[in-house]
1. ³J(HN,Hα) across segment 117-125 via Karplus (A = 6.51, B = -1.76, C = 1.60, θ = phi - 60°), whole Hz, x for Gly/Pro?
2. Which of Ala86, Val57, Thr76 sits closest to the plus end of the dipole of the chain, meaning its Cα is farthest towards the positive end, when Lys and Arg get +1 and Asp and Glu get -1 on the C-beta?
3. For the chain, set up a Gaussian network in which alpha carbons nearer than 10 Å are linked by springs, and say which option among Val123, Val57, Val140 fluctuates the most.
4. Hey, got the dipole for the chain? About the Cα centre, +1 on K and R Cβ, -1 on D and E Cβ, debye to the nearest 20?
5. Give the order of Tyr8, Tyr120 when sorted by the count of other beta carbons within 10 angstrom, beginning with the fewest.
6. Quick one: 3J(HN,Hα) in Hz for segment 48-56, Karplus 6.51/-1.76/1.60 with θ = phi - 60°, rounded, Gly and Pro as x.
7. Give the order of Leu79, Leu66 when sorted by the count of other beta carbons within 10 angstrom, beginning with the fewest.
8. Considering only Pro136, Pro111, Pro13, give the residue with the highest GNM mean-square fluctuation for the chain, with springs between Cα atoms whenever their separation is below 10 Å.
Amino acid sequence: MIVFFPTYARRVPGGWCASVAGMVVRPLPERSRRRVLAVAVLRRLLELEDAQLASDVFRRRAESFLFQRVAGRRVTIELGGRRFAAGQSDRSGHFHAEFDLEESFVAGLAPSGSDRRLAYAAVLDDGDEDTPTAPPAGAVHVVDASGTSVISDID
């Protein structure tokens, strides 16, 4: 499974430099020692009952934290019909890449406006484990050379 982080594209002479970043992970097996321990810690800290642990809401939210990182995975994205190498995941599962895009290419995908984004999706291999029904997707925010941008990292 690939999780893309929000990134941006900035102006460079003749076009744009876009960044793509994220993390490659896989869910912890249901009966793994790490998963059982993590759920036990959550149960104790949050004082949860069995019914709460079994609820769909808890399971969906907890899945965001119950994963193992995957190292050495090459990531490719498709953006506007073109494929780009987005790097290889490091030992912590993270990857990052930058690539240049022509002005006309960006203008065709993200016309001028206040919320310009370049949508992309992962290109999955046939043998990918945990293949979702739709490829993971992300967006590059197009940040013009002038104006105001608010960047917040509130978790």
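Each reported figure results from applying straightforward, stated rules to the coordinates on display, with no laboratory input. What you see is a predicted model, and the numbers here were worked out from it, not measured in a lab. Methodologically, a virtual Cβ is constructed for each residue, glycine included, from the backbone with ideal geometry; neighbour enumeration extends over all protein chains shown.
1. Rounded to whole hertz, the list is 9, 10, 7, 9, 9, 5, 9, 9, 6.
2. Val57
3. Greatest mean-square fluctuation among the candidates belongs to Val57.
4. Here the size comes out at about 460 debye.
5. On the way: Tyr8 17, Tyr120 25.
Fewest to most other Cβ atoms nearby, the residues stand as Tyr8, Tyr120.
6. Karplus-based 3J(HN,Hα) across segment 48-56 equals 8, 9, 4, 4, 5, 4, 7, 5, 4 Hz.
7. On the way: Leu79 22, Leu66 18.
With the sparsest Cβ surroundings first, the list reads Leu66, Leu79.
8. Pro13
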